[in-house]
1. Can you tell me the length gained on complete extension of the stretch Glu158 to Phe183, counting 0.36 nm per residue apart and subtracting the Cα distance?
2. Decide, for region 95-135, between rounded, prolate and oblate: order the square roots of the alpha carbon gyration tensor eigenvalues as a ≥ b ≥ c, take rounded if a/c falls under 1.5, and otherwise choose prolate if a/b is larger than b/c, else oblate.
3. Ordered by residue, what ³J(HN,Hα) values in Hz, to whole numbers, does region 134-145 give under the Karplus form 6.51 cos²θ - 1.76 cosθ + 1.60, where θ = phi - 60° and Gly and Pro are x?
4. Could you check the spin-label model distance between Val64 and Ala51? Points 7 Å from the Cα along Cα→Cβ, value in nm.
5. With each pseudo-label sitting 7 Å past Cα toward Cβ, what's the Glu35-His14 distance in nm, one decimal?
6. By how many nm would the segment from Val103 to His146 lengthen if fully extended, with 0.36 nm per residue of separation less the alpha-carbon distance?
7. Rounded, prolate or oblate: pick one for region 94-193, where a ≥ b ≥ c are the square roots of the eigenvalues of its C-alpha gyration tensor, a/c under 1.5 means rounded, and failing that, prolate if a/b is larger than b/c, else oblate.
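Just so it is clear, none of the values below were taken in a lab; they were calculated from the coordinates. Note that the structure is predicted; figures quoted are calculated from it, not measured. Cβ sites come from the backbone with ideal geometry, for glycine too, and all protein chains shown count toward neighbours.
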Amino acid sequence: MFDSPLLDRFTRVHPAVPVVLYGPVIALLLALGIERGGAWNAVGLALGGYAVWTLTEYWLHRVVFHYEPERGLGARLHWMIHGVHHDHPNDPRRLVMPPTASVPLATLFGVLFWAVLGSHWWMPFTAGFLTGYLAYDMIHYHVHHHRPRTRVGRRLRELHMRHHFQDDERGFGVSAPYWDHVFGTPPERRVRS
């Protein structure tokens with residue numbers, strides 16, 4: 001991606017990195033949320049955070065990742081953020097967002113949730129949100145590099161491969177494809193002739 005091997009190294013991520021980074025953060029935020037607000041409140045807020053993640057995944061993928069400026073810095077940034085993944089969908093080191101981008105974004109979302117929800121409620125909500133992000137990363141990697149054995153896994157893989165190889169203007173929900181139905185963008189089945 002870059003002429004500099006050092007810069008290029010920061011764009012490649014092993015799929016275990018998000019688990020190692022976010023797993024302890026999720027556990028800590030959830031534990032603090034339970035301690036400060038009670039188990040039922042924490043679980044409800046975590047589920048709410050997860051639900052907000054699924055919408056965020058859909059809209060980030062649809063609006064931000066698929067906004068394609070035609071030239072200049074915008075075109076280069078788009079290619080670096082998401083275009084490289086569509087150009088090289090089988091590159092196992094370019095499937096998850098590098099920590100240099102995901103950590104600042106996660107921090108911004110955490111600050112937003114703190115500002116909106118307050119000092120006790122933001123923690124379990126953010127834990128749910130980050131759990132959704134982590135699930136998305138792992139599902140995305142799995143559907144690209146494994147043959148899912150479950151019916152749900154095979155369906156998620158089919159839908160995402162249609163997004164890559166049939167129509168990249170449909171099928172934006174990787175881990176939550178139901179939003180494509182809500183917003184009118186499900187991948188269409190093509191009949192072979």
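1. Stretched fully, the Glu158-Phe183 segment lengthens by 7.1 nm.
2. Because a/c hits 1.5 or more and a/b fails to exceed b/c, region 95-135 counts as oblate.
3. Going residue by residue, I get 5, 4, 4, 4, 5, 5, 4, 4, 4, 5, 7, 10 Hz, with x marking Gly and Pro.
4. 2.2
5. Once both label points are built, they end up 3.0 nm from each other.
6. Answer, rounded to one decimal: 12.8 nm.
7. Since a/c reaches 1.5 and a/b is larger than b/c, the shape of region 94-193 is classed as prolate.
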